[in-house]
Amino acid sequence: MHLTVNGKPYQTTASTLWQLKAELTIPADVTILNGFQTADDLPLHEGDLVTLIQKGVMPDKQELESMMCARHTPQVHQKVKAAQVAIAGLGGLGSNIAILLARTGVGKLFLVDFDTVEPSNLNRQNYYIEHLGLPKTQALKQQIQQINPFIKVQTKQTCVTEHNAYELFAEYPIVCEAFDNPQSKAILVNTILEQSPYTKLVCGSGMAGYESSNTIQTVRNFSNLYVCGDSISAAAIGNGLMAPRVTICAAHQANMILRLILGIEEV
């Protein structure tokens, strides 16, 4: 019987998972069969994908790819791995979006921000005390390398303006807008819509405070423009930006990006 075990072709006479594990003598803490984690002695069939994971051990690139593939299913993982996404702004939205996309296995991320990590960022942004004073691009790239060192991460520490917006993002089929500043949002959105008509743009608007999570949603405003949030809740005195709703909105944006990678678009 021909199988794929941890991303590599393998031929066996074993007819069940437990027989295969005994044959391989791999100390596996987690067993995944065709995308399904199981502790049962399930039957094996020709062409099955088996992933055996030892906790606490960093696998090589091929094995890590197979583990990601086992979780995401092969067809999904290959599309995600081939994807390229740009993220403009690495604050509460952008830093969390980048981490979510890295965990999803997006093959190439382009991270753009001009700022450095400062103490008040820690209330909602995906940074730690050790990152204080570092450029956000550098701090986030370090974190992504700790999640998946095989993802290609390109960074640019700069402020997005009407003069450089097109040049920065022209080669990326999906651009994620994650700015706090309304003027910066407008510059990026207008530039992309006017000069890159085939680029998919995923934006955030309205996630301040602590209103219901259920008011945050994803809406397709134009053919290539998606807006996540409630489009109402702005930061103001007595209504600050707080981790729960900001992170929920970031997850909406990351999920919309994943759907676009897979060719699924909102009506």
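Output the number of residues of the range 111-126 satisfying the condition of being touching a residue at least 24 places away in the same chain (Cβ under 8 Å) and either open to solvent by 10 Å² or more (accessible area, probe 1.4 Å) or of a type in the set (S, T, N, Q) (or both). Steps first, please.
Our first condition is that a residue be touching a residue at least 24 places away in the same chain (Cβ under 8 Å); within the range 111-126, this holds for 111-115, 121, 123-126.
The next check asks that each one be either open to solvent by 10 Å² or more (accessible area, probe 1.4 Å) or of a type in the set (S, T, N, Q) (or both); those that pass are 113-115, 121, 123-126.
Number of matching residues: 8.
Residues of the range 61-104 that are open to solvent by less than 20 Å² (accessible area, probe 1.4 Å) and of a type in the set (Val, Ile, Thr): Val80, Val85, Ile87, Ile97, Ile99.
Say we look at the range 19-49 and pick out the residues that are on the phi > 0 side of the Ramachandran plot and touching a strand residue (DSSP E or B) at 6+ places or on another chain (Cβ under 9 Å); which of these is most open to solvent (accessible area, probe 1.4 Å)? By that ranking, first place goes to Asn34.
Considering the range 173-185, the residues that are free of Cβ contacts under 8 Å to residues at least 24 places away in the same chain and not polar (S, T, N, Q) include one that is least open to solvent (accessible area, probe 1.4 Å), namely Lys185. Residues that are within 22 Å of the chain's Cα centre (by Cα), in a strand (DSSP E or B) and on the phi > 0 side of the Ramachandran plot occur at least once in the range 226-236. Out of the range 8-18, which residues are in contact with a Leu (Cβ under 9 Å, 6 or more places away or on another chain), of a type outside the set (A, V, I, L, M, F, W, C) and either part of a strand (DSSP E or B) or surrounded by 15 or more Cβ atoms within 10 Å (Cβ to Cβ) (or both)? Within the range 8-18, Pro9, Tyr10, Gln11, Thr12, Thr16 qualify.
Of everything in the range 220-267 that is open to solvent by less than 70 Å² (accessible area, probe 1.4 Å) and acidic (Asp, Glu), the residue that is farthest from Leu90 (Cα to Cα) is Glu266. As a summary of the residue check, Glu130 satisfies the conditions (1) of a type outside the set (Val, Ile, Thr); (2) in contact (Cβ under 8 Å) with a residue 60 or more places away in the chain; (3) open to solvent by 50 Å² or more (accessible area, probe 1.4 Å) except for the one numbered (2). Considered as a group, the residues in the range 207-225 that are over 21 Å from the mean Cα position of the chain (by Cα) and part of a loop (DSSP other than H, G, I, E, B) include one that is modelled with the lowest pLDDT, and that residue is Ser223. When you look at Gln253, is it without any contact (Cβ under 8 Å) to a residue 60 or more places away in the chain and either part of a helix (DSSP H, G or I) or not basic (Lys, Arg) (or both), yes or no? No; evaluated as a whole, the condition is false for this residue. Leu188 fulfils the conditions (1) open to solvent by 50 Å² or more (accessible area, probe 1.4 Å); (2) among the aliphatic types (A, V, I, L, M); (3) over 19 Å from the mean Cα position of the chain (by Cα); (4) under 24 Å from Gly107 (Cα atoms) except for a single criterion, (1). Screening Tyr166 with (1) open to solvent by 80 Å² or more (accessible area, probe 1.4 Å); (2) in a loop (DSSP other than H, G, I, E, B); (3) closer than 19 Å to Phe110 by Cβ; (4) not polar (S, T, N, Q) gives one miss only, at (2). Among the residues of the range 142-170, those that are within 19 Å of the chain's Cα centre (by Cα) and touching a residue at least 60 places away in the same chain (Cβ under 8 Å) comprise Asn148, Phe150, Phe169.
The values are calculated or read from the model by the stated rules, or taken from the named source; none is laboratory data. Fair warning: this is a prediction, and the values are worked out from it, not measured in the lab. Note that each Cβ is placed from the backbone with ideal geometry, even for glycine, and that neighbours are counted across all protein chains shown. SASA here: full protein model, heavy atoms, side chains in, ligands and nucleic acids out. Shrake-Rupley method; radii C 1.70, N 1.55, O 1.52, S 1.80 Å.
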